[in-house]
Amino acid sequence: MTTEDHCFPALLTFFLQELAAILMSILIQSVPVLDQYHPNDLALEEALDTLDPLRHFFKSLDETDSSPNSKADALIPSQPLPTVKEIVQLSFGTHPFRSPISISLAVDASPGCGGIAWPAGQVLAEYIAGLGPEFVKGKTVLELGSGTGLVGLIGAALGAGAVWITDQAPLLDIMSHNVLLNKLTSNVTVSELNWGEPLTDAIPHRPDLILAADCVYYEPTFPLLVQTLSDLVNDEKTEVLFCYKKRRKADKRFFILLKKKFTWAEVMDSPGREVYSREQISLIRLVKRQYA
Ligand SMILES: C[S@@+](CC[C@H](N)C(=O)[O-])C[C@H]1O[C@@H](n2cnc3c(N)ncnc32)[C@H](O)[C@@H]1O
């Protein structure tokens, strides 16, 4: 390999970093707060996302950053990122007569952003746990973009008939580890499911309940996720609980695509609704349009 072969990627990286820095300084000067975006700023945001898709991820980690949009624009929950595996104990389901469901969760940011428990996932976990065993009894449940597997594991711990927790290949190990940790191997299957790809025999094609939490954050995946949801939902018998945290104006584009295939309504019987809606989190139930 010649010196030029080594230098070219370094020069390209340097050039892209410089370009990103220039674009970022223009953005910072022109957009003081998130709510004042102009369509051109959105285009600039997207150009920056293309150069560095992970650039939003670390914004909330600097607690000293008090700039107006630092928290609102951040993609990960404001918790220190564990880069090596650690096990956290979480408990869900506040109820006067039932014990909460306790889950031991291995978290590890190294396989990807899904390796930690995201806020909308915790909201969905709490909602399902609060509904109790009757809600999942005998049901086939499929979770999309499971990350650690938390939401699906709650369904399994409640006693669902069979649960599939799915994600991309790098997350499968941590999900399997969490299934073992919680002794849920009898009713949980871990499967690879890449949104937008044809459904495989590794997952049920007609689940009774589909769960998805914090899956709206990266624009190139928006049409893929809508496609998979549409492929999985055949009629109104499939219930879809979809929890998301609004972070950027670009998220609206996901809902423009979703609207072509689904209608939705906010889940109103969730006890935590008033609190989590202040965090820009919404829990909705999707219904497929009849001729979509
Ligand atoms: C922000 S994390 C949320 C994880 C988990 N649901 C939670 O709430 O903690 C988004 C998840 O979507 C998964 N994901 C992203 N793009 C995907 C794709 N094209 N196909 C399947 N999963 C994808 C990521 O790997 C990640 O686990």
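Can you tell me how much longer the chain between SER99 and PHE255 gets when fully stretched, taken as 0.36 nm per residue apart minus their C-alpha distance, in nm with one decimal?
52.5 nm
Mean separation of Cα pairs under 8 Å and 6 or more residues apart, divided by the residue count, gives the stretch 196-269 a relative contact order of 40 percent. Residue exposure proxy: CYS215, CYS113, ordered by other Cβ atoms within 10 angstrom of their Cβ from fewest to most, comes out as CYS113, CYS215.
In the structure shown, the pairs LYS139/LYS259; LYS139/LYS252; LYS139/LYS261; LYS245/LYS288 are assessed against 29 Å; a Cα-Cα span above that value is assigned to LYS139/LYS252. Rounded to two decimals, what ratio of Rg to Rh does the stretch 211-259 give with C-alpha atoms and a Kirkwood Rh? When Rh is taken as the Kirkwood radius, the ratio is 0.96. Indicate the gyration tensor shape class of the stretch 86-288 (rounded, prolate or oblate), computed on the Cα atoms with a ≥ b ≥ c the square roots of the eigenvalues: a/c under 1.5 is rounded; otherwise a/b larger than b/c is prolate and the rest oblate. Rounded, because the longest to shortest axis ratio a/c is under 1.5.
At an R0 of 25 angstrom, the distance between the Cβ atoms of ALA169 and ILE87 translates into a FRET efficiency of 0.65. Taking a virtual spin label 7 Å from the Cα of LYS183 along the C-beta vector, which residues in the stretch 157-175 bring their backbone nitrogen under 15 Å of it? Label zone hits: 157-159.
Here, each number is a calculation from the coordinates, and none is a lab measurement. All of these numbers come straight from a predicted model, not from anything done at the bench. For neighbour counting, all protein chains shown are included, and Cβ atoms are generated from backbone atoms with ideal geometry for every residue, glycine included.
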